[in-house]
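All remarks here apply to the structure that follows.
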Amino acid sequence: MRKQIRGLQNVYDEVPKTTSALELRDFSEAANSFSPNVASPRPLENGKGTEVAATYVVSNTNPTGWPLQAVLGNNMHSGVFIIPDDGDPEGRFLYDPAGSYMNRQMGSGRTLYGSEVSAEDYVRYQLRDGPNVTVRRYATTPEEEEEIRKRAFDLGGAPAANWIDPGCTTGVSEAIKGIGPFRHVEQTMWPTELDSQLKGLRKHVGEAGDLESLRRLLTK
């Protein structure tokens, strides 16, 4: 997808532009800016096209259950995965710090790479805790995605883990904070707090709350 978009951009740049063509393009960009709930895909700084969203943050804000409910509230889990725009399964990535999602290829660092990564399977697992699961999709450049992978690898499976901070949201928020659309995200150990930050920033380009809407989100 990224190659196709850049190819179209090159063709566009080479064709002589009329005033009407420029006006139409400006009108389209202005219309996109009126969306009140989500951000538009960000133009790449090198001017070679627009980056299609590829990074997804999962917020599981279901009740933690007895006996931790009184202390932890609705702070079940957080995770992040990357699905490359070009459809290459080897570029998929999942970070599930301090999580219980099991995959035979997932090591102690709670990262998973390649064709073993299934966004649908991962979200289905989170939905076993209840319906309060939100997946937000973000426009990220390849460099930003690589930085998220590197941070996740360095952080490992349960950063800052203890009885009150199991490490899942600490790891996810630390892996994404300050990067691209997550520029103003601050580290937190609470899934509800990270969810609130992400919602308030309005940098996502789509979201899902169940498997059907997730399938649509992944194919946009």
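Could you grab me the full set of residues in region 76-105 that are open to solvent by 50 Å² or more (accessible area, probe 1.4 Å) and under 22 Å from Pro142 (Cα atoms)?
Within region 76-105, Asp86, Gly87, Asp88, Glu90, Arg92 qualify.
When you look at Glu145, is it of a type in the set (Asp, Glu), without any contact (Cβ under 8 Å) to a residue 60 or more places away in the chain and more than 23 Å from Asp210 (Cβ to Cβ), yes or no?
no
Residue under question is Thr140, and the condition is that it be touching a residue at least 60 places away in the same chain (Cβ under 8 Å), hydroxyl-bearing (Ser, Thr, Tyr), assigned to a loop (DSSP other than H, G, I, E, B) and buried (at least 17 other Cβ atoms within 10 Å of the Cβ); does it hold?
Against the criterion (touching a residue at least 60 places away in the same chain (Cβ under 8 Å), hydroxyl-bearing (Ser, Thr, Tyr), assigned to a loop (DSSP other than H, G, I, E, B) and buried (at least 17 other Cβ atoms within 10 Å of the Cβ)), Thr140 qualifies.
Can you name every residue in region 200-220 that is assigned to a loop (DSSP other than H, G, I, E, B) and closer than 22 Å to Phe182 by Cβ?
Hits for region 200-220 are Arg202, Lys203, His204, Val205, Gly209, Lys220.
Looking only at region 164-181, filter to residues that are of a type in the set (A, V, I, L, M, F, W, C) and in contact with a Leu (Cβ under 8 Å, 6 or more places away or on another chain); which one of those is surrounded by the most Cβ atoms within 10 Å (Cβ to Cβ)?
Checked region 164-181; the qualifying residue surrounded by the most Cβ atoms within 10 Å (Cβ to Cβ) is Val172.
Determine if region 124-131 includes at least one residue that is aliphatic (A, V, I, L, M), under 15 Å from the mean Cα position of the chain (by Cα) and assigned to a helix (DSSP H, G or I).
no
Any residue in region 170-192 that is at positive phi and among the small types (Gly, Ala, Ser) sitting within a Cβ distance under 6 Å of a residue that is open to solvent by 20 Å² or more (accessible area, probe 1.4 Å) and assigned to a helix (DSSP H, G or I)? List the pairs, counting only those 6 or more apart or interchain.
As it stands, the answer is Gly180/Glu144, since those pairs meet every condition given.
If Val185 passes every condition in (1) under 20 Å from Gly109 (Cα atoms); (2) buried (at least 17 other Cβ atoms within 10 Å of the Cβ) but one, which one does it miss?
(1)
Residue check, Phe153 against (1) under 14 Å from Asp96 (Cα atoms); (2) assigned to a loop (DSSP other than H, G, I, E, B); (3) in contact with a Ser or Thr (Cβ under 7 Å, 6 or more places away or on another chain), all met but one. Which one?
Only one criterion in (1) under 14 Å from Asp96 (Cα atoms); (2) assigned to a loop (DSSP other than H, G, I, E, B); (3) in contact with a Ser or Thr (Cβ under 7 Å, 6 or more places away or on another chain) is unmet by Phe153, namely (2).
Can you report the number of residues in region 193-218 which are open to solvent by 40 Å² or more (accessible area, probe 1.4 Å) and either free of Cβ contacts under 8 Å to residues at least 40 places away in the same chain or out of contact with any Ser or Thr (no Cβ under 7 Å at 6 or more places or on another chain) (or both)?
Residues flagged as open to solvent by 40 Å² or more (accessible area, probe 1.4 Å) and either free of Cβ contacts under 8 Å to residues at least 40 places away in the same chain or out of contact with any Ser or Thr (no Cβ under 7 Å at 6 or more places or on another chain) (or both) within region 193-218 amount to 12.
The values are calculated or read from the model by the stated rules, or taken from the named source; none is laboratory data. Because the structure is predicted, anything quoted here is derived from the model rather than measured. So basically every Cβ, Gly included, is an ideal-geometry build from the backbone, and we count neighbours across all protein chains shown. Heads up: the accessible areas ignore ligands, DNA and RNA and are worked out on the full protein's heavy atoms, side chains in. Shrake-Rupley method; radii C 1.70, N 1.55, O 1.52, S 1.80 Å.
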